[in-house]
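First comes the structure, then the notes that go with it.
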Amino acid sequence: MMVIESVEVLKLDLPMKTSFETSFGKLTTKSTVLVKITSDGVTGYGEAASFHAPLYNPETVDTCVYIIKKFIAPSILKKDFKSPEELRAAYDYIVGHNIAKAGVENAFWHLLAQSGNTSLKELFGGTRSSIQVGASIGIQPTIKSTLTEVEDSLEKGYGRIKLKTKPGWDLKVLKEVRKIWPDIDLMVDGNSAYKLQRDLKTLIKFDEYNLMMIEQPLQEDDIIDHSTLQKLINTPICLDESITSVDKARKAISIGACKIINIKPVRVGGALETIAIHDLCMENGVGVWCGGMLETGIGRAFNIALASKENFIYPSDMSPFDEFYSEDLVSDSHKVTSDGQVKVRTNPGLGYKINDKVIKEHTTESYLLE
Ligand code: OSB
Ligand code: MG
């Protein structure tokens, strides 16, 4: 018995310590959306981690708030759900808006973890006691500051370095990084900024830098060009933006568009779809890792638990909040060990202590539906 008594949706603005630049632009304040659902006096929290503008994917914090308020909440309120599958079926008629859906689904998993006195790791079928993590380094003003960022990240223990690139900010950076660190686990993320024909010469040259993978070089809706590109380069392609469902993953794998998949749980609509993609990839010998949306400690809690599943074999983007923000929404945030690991919590519920005071301080809009 899990009757949804209320749904609350909150929009937050979190000041960033430093901006984060990708090929699609610079993030200077990070907005996010929290979802709180209550059942039988218990509150479940989820994070619909999105950005202020539709730059990475079509959603924004405002579309998440709107879709949850206007469509998802009315579809689930006062109804009784026995499982996340049943919950999801209630709003499956909504086309797209995966991040909004994920925020709600995650809040439901949090309710389940509390009522069953179990951990998210247990609920998701996690098998690892710690996960490997990597650093994601934004586009920097200079090569020198990139080298400093790489050095800092290695000193902090991160086991792999991901550099954000865009046409004109790629090979020259890799060349200097490789001069100093010829052997580190290194990869790049193009965030859809390259075009197959226009940039083919550059894309082929990435092969010279012994990269673990090149993440989403081409357009989100173009797994066909990725498949063409994968046949022309040795560096494994990892898809991020393109993989929005298990069906997309199946198609991408079947045409050889990637050898690795970055699963961002919110991008695919939540933990259920994450697990489905994880399982499909495992059956097909495609390793996965967990990407991030610069989540707060709440969103990261779900990601860490999911990344403890067996086929998450590459380091995940899971830097703690203090890389970007001065305050987290949980008071006992995860940390990266000197050997690049994050421990997977096994305590019941979220595994982290939610700090409602900090949440309140940063909330700019809130809507309670009951
Ligand atoms: O493509 O993975 C991405 C940050 C903002 C937008 C898109 C991406 C990223 C990251 C960092 O690479 C991920 C994180 O640490 O949460
Ligand atoms: Mg990416």
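The values are calculated or read from the model by the stated rules, or taken from the named source; none is laboratory data. Computed from a predicted structure; not experimentally measured. Every residue, glycine among them, receives a Cβ derived from its backbone with ideal geometry; neighbour counts consider all protein chains shown. When the accessible area is computed, the model is the full protein with side chains, heavy atoms only, and any ligands, DNA or RNA have been set aside. Shrake-Rupley method; radii C 1.70, N 1.55, O 1.52, S 1.80 Å.
Among the numbered conditions (1) in contact (Cβ under 8 Å) with a residue 40 or more places away in the chain; (2) surrounded by fewer than 19 Cβ atoms within 10 Å (Cβ to Cβ); (3) not hydrophobic (A, V, I, L, M, F, W, C); (4) not in a loop (DSSP other than H, G, I, E, B), the only one that Gly299 does not meet is (2).
Just so you know, in segment 27-75 the residues that are of a type in the set (A, V, I, L, M) and within 19 Å of Ala90 (Cα to Cα) include one that is surrounded by the most Cβ atoms within 10 Å (Cβ to Cβ), and it is Ala48.
Does Ser326 count as surrounded by fewer than 19 Cβ atoms within 10 Å (Cβ to Cβ) and touching a Lys or Arg at 6+ places or on another chain (Cβ under 7 Å)?
Numbers: surrounded by fewer than 19 Cβ atoms within 10 Å (Cβ to Cβ): yes; touching a Lys or Arg at 6+ places or on another chain (Cβ under 7 Å): yes.
Judged against the criteria, Ser326 is a match.
Checking every residue in segment 225-237 against the condition of being assigned to a loop (DSSP other than H, G, I, E, B), within 14 Å of ligand 2 (Cβ to nearest atom) and of a type in the set (A, V, I, L, M, F, W, C) gives zero matches.
Taking segment 321-338 as the range and being within 23 Å of Cys238 (Cβ to Cβ) and either within 16 Å of ligand 2 (Cβ to nearest atom) or at pLDDT below 95 (or both) as the test, the residues that pass are Glu323, Phe324.
Given the structure, is Glu85 at pLDDT 95 or above, surrounded by fewer than 20 Cβ atoms within 10 Å (Cβ to Cβ) and closer than 12 Å to Gly270 by Cα? For Glu85, the condition - at pLDDT 95 or above, surrounded by fewer than 20 Cβ atoms within 10 Å (Cβ to Cβ) and closer than 12 Å to Gly270 by Cα - is met. Scanning segment 98-108 for any residue that is surrounded by fewer than 17 Cβ atoms within 10 Å (Cβ to Cβ) and modelled with pLDDT of 95 or more turns up nothing.
Taking the criterion of being touching a strand residue (DSSP E or B) at 6+ places or on another chain (Cβ under 9 Å) and over 21 Å from Pro167 (Cα atoms), the residues of segment 219-251 that qualify are Ile243, Lys248, Ala249. Look through Lys335, Lys360 and report the one residue that is assigned to a helix (DSSP H, G or I), of a type in the set (Lys, Arg), surrounded by fewer than 17 Cβ atoms within 10 Å (Cβ to Cβ) and away from ligand 1 (no atom under 14 Å from the Cβ). From the options Lys335, Lys360, the qualifying one is Lys360.
Under the condition of being small (Gly, Ala, Ser) and part of a loop (DSSP other than H, G, I, E, B), which residue from segment 238-252 is nearest to ligand 1 (Cβ to nearest atom)?
Filtering first and then ranking leaves Ser242.
Checking Thr296, Thr228, Thr235 one by one, the residue that is at pLDDT 95 or above, within 30 Å of Ala89 (Cβ to Cβ) and among the β-branched types (Val, Ile, Thr) is Thr296 and no other. Of the residues that sit in segment 281-298 and are aliphatic (A, V, I, L, M) and touching a helix residue (DSSP H, G or I) at 6+ places or on another chain (Cβ under 8 Å), which one is nearest to Asn106 (Cα to Cα)? For segment 281-298, the residue satisfying everything is Met293.
If you go through segment 47-86 and keep only what is in contact with a Lys or Arg (Cβ under 7 Å, 6 or more places away or on another chain) and either of a type in the set (Ser, Thr, Tyr) or within 16 Å of ligand 2 (Cβ to nearest atom) (or both), you end up with just Asn57. Scanning segment 200-225 for residues that are more than 20 Å from Pro182 (Cα to Cα), more than 15 Å from ligand 1 (Cβ to nearest atom) and under 26 Å from the mean Cα position of the chain (by Cα) yields Asp221, Asp222, Ile223, Ile224, Asp225. Just to be sure before I move on: is Ile243 within 13 Å of ligand 2 (Cβ to nearest atom) and either modelled with pLDDT of 95 or more or under 20 Å from Ile99 (Cβ atoms) (or both) in the structure I sent? So Ile243 fits the description; yes.
Filtered by the rule that a residue be crowded, with 24+ Cβ neighbours inside 10 Å, of a type in the set (A, V, I, L, M, F, W, C) and assigned to a loop (DSSP other than H, G, I, E, B), segment 254-267 gives Ala257, Cys258, Val266.
If only residues of segment 268-281 that are of a type in the set (Val, Ile, Thr) and part of a helix (DSSP H, G or I) are counted, the one that is most open to solvent (accessible area, probe 1.4 Å) is Ile275. Summed over segment 282-296, the residues that are within 16 Å of ligand 2 (Cβ to nearest atom) and either assigned to a helix (DSSP H, G or I) or touching a Ser or Thr at 6+ places or on another chain (Cβ under 6 Å) (or both) give a count of 2.
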